[in-house]
Amino acid sequence: MNEVISQLRAELEQNADEEAKASSNRFFKEQIKCYGMKTPVARKIAKDYYKKISNKSKPEIFALCEELLSSDYMEEAFIAFEWSYNLRKQYEPEDFAVFERWVGDYVNNWAKCDTLCNHTIGTLIDMYPQFIDSLKKWTASDNRWYRRAAAVTLILAARRGDYLDDIFEIADMLLTDEDDLVQKGYGWLLKEASKKHQQEIFDYVMSNKKVMPRTALRYAIEKMPKELRIKAMEK
């Protein structure tokens with residue numbers, strides 16, 4: 001084991017909190033492995049230990065990220081994704097394949113999915129939008145996390161009002177997905193897009209509400225005015 005990783009894990013164990021661990025477990029249907037700590041504590045540890053590895057090459061840092069990810073601990077995954085995001089100024093097109101593999105190999109709950117996708121993969125997509133086509137392919141995956149990732153990767157872009165046509169295309173592909181975490185994922189994407197494109201998202205919901213699962217619909221309209229929400233929820 002790498003010495004920095006060994007020291008980092010010792011610090012995570014020192015900061016473990018049983019109350020925080022019990023609280024974390026309540027957020028997931030899946031069994032999760034965690035030390036138990038609040039996000040600011042994990043973020044500080046990530047920052048402190050990144051200083052010790054920041055002189056390493058990108059491939060070396062990615063390898064350390066994978067060493068953390070392979071443990072399956074929530075906090076270690078969080079730190080790995082903080083480190084990968086710290087490298088954003090060095091992202092190149094070939095890094096997409098690395099992050100795509102991480103989704104398949106290491107993502108096994110919504111928190112890991114969203115942390116990796118919102119920041120690391122979302123930033124790479126902003127730099128190299130040609131990979132939106134790959135997100136669209138993820139919508140057909142048997143792996144629920146690829147399908148959720150197809151939507152949540154564009155969350156921050158949607159909040160800015162970008163990629164609306166692509167967002168609608170991804171929502172179309174996921175529209176009748178039976179997995180509630182995928183429904184929540186694309187519903188969240190539509191909700192974020194509605195902040196800059198309220199009318200377009202409302203029209204989309206109205207034209208699809210007969211087939212759109214109620215979970216996705218409720219997420220999509222959450223930030224709209226009450227009268228629009230009532231209209232959208234009518235049978």
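Summary of values
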read-out	value
Failed criterion for residue 16 (all others in (1) touching a Phe, Trp or Tyr at 6+ places or on another chain (Cβ under 6 Å); (2) within 26 Å of residue 150 (Cα to Cα); (3) not hydroxyl-bearing (Ser, Thr, Tyr) hold)	(2)
Some residue of the range 103-112 being free of Cβ contacts under 8 Å to residues at least 60 places away in the same chain, farther than 19 Å from residue 77 by Cα and not acidic (Asp, Glu)	no
Those residues of the range 114-139 which are more than 11 Å from the chain's Cα centre (by Cα), more than 15 Å from residue 185 (Cβ to Cβ) and of a type outside the set (Val, Ile, Thr), in sequence order	124, 126, 127, 128, 129, 130, 131, 133, 134, 137
Entirely in the range 137-202, the helices (runs of 4 or more DSSP H) that have 2 or more residues that are crowded, with 24+ Cβ neighbours inside 10 Å	144-152, 164-174, 180-194
Condition check for residue 57: loosely packed, with under 14 Cβ neighbours inside 10 Å and modelled with pLDDT of 95 or more	yes
Pair list, Cβ under 6 Å, 6 or more apart: the range 66-88 residue over 20 Å from residue 153 (Cβ atoms), other residue of a type in the set (Val, Ile, Thr) and in a helix (DSSP H, G or I)	67/5; 68/79
Of all residues in the range 65-117 being out of contact with any strand residue (DSSP E or B) (no Cβ under 7 Å at 6 or more places or on another chain), closer than 22 Å to residue 39 by Cα and hydroxyl-bearing (Ser, Thr, Tyr), the one that is surrounded by the fewest Cβ atoms within 10 Å (Cβ to Cβ)	70
Yes/no for residue 67 being outside the structural domain of residue 188 (by TED's automatic domain parsing), assigned to a helix (DSSP H, G or I), under 17 Å from the mean Cα position of the chain (by Cα) and of a type outside the set (Gly, Ala, Ser)	no
Considering residues of the range 208-235 that are closer than 16 Å to residue 171 by Cα and basic (Lys, Arg) only, the residue surrounded by the fewest Cβ atoms within 10 Å (Cβ to Cβ)	210
Scan of the range 205-224 for residues that are under 27 Å from the mean Cα position of the chain (by Cα) and assigned to a loop (DSSP other than H, G, I, E, B), ordered by number	209, 211, 212, 213, 222, 223, 224
Leading residue by the ranking (nearest to residue 150 (Cα to Cα)) among those in the range 181-235 that are of a type in the set (Asp, Glu) and at pLDDT 95 or above	192
Residue within the range 30-37 that is surrounded by 14 or more Cβ atoms within 10 Å (Cβ to Cβ) and under 17 Å from the mean Cα position of the chain (by Cα) present	yes
Test: residue in the range 15-24 that is in contact (Cβ under 8 Å) with a residue 60 or more places away in the chain and surrounded by 16 or more Cβ atoms within 10 Å (Cβ to Cβ)	no
Of all residues making up the range 77-107, the number that are under 17 Å from residue 128 (Cβ atoms) and out of contact with any Lys or Arg (no Cβ under 7 Å at 6 or more places or on another chain)	17
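The values are calculated or read from the model by the stated rules, or taken from the named source; none is laboratory data. Only a predicted model underlies this, so the values are computations on that prediction, with no experimental measurement involved. Reconstructed Cβ throughout: ideal geometry from the backbone, glycine too, with neighbour counts over all protein chains shown.
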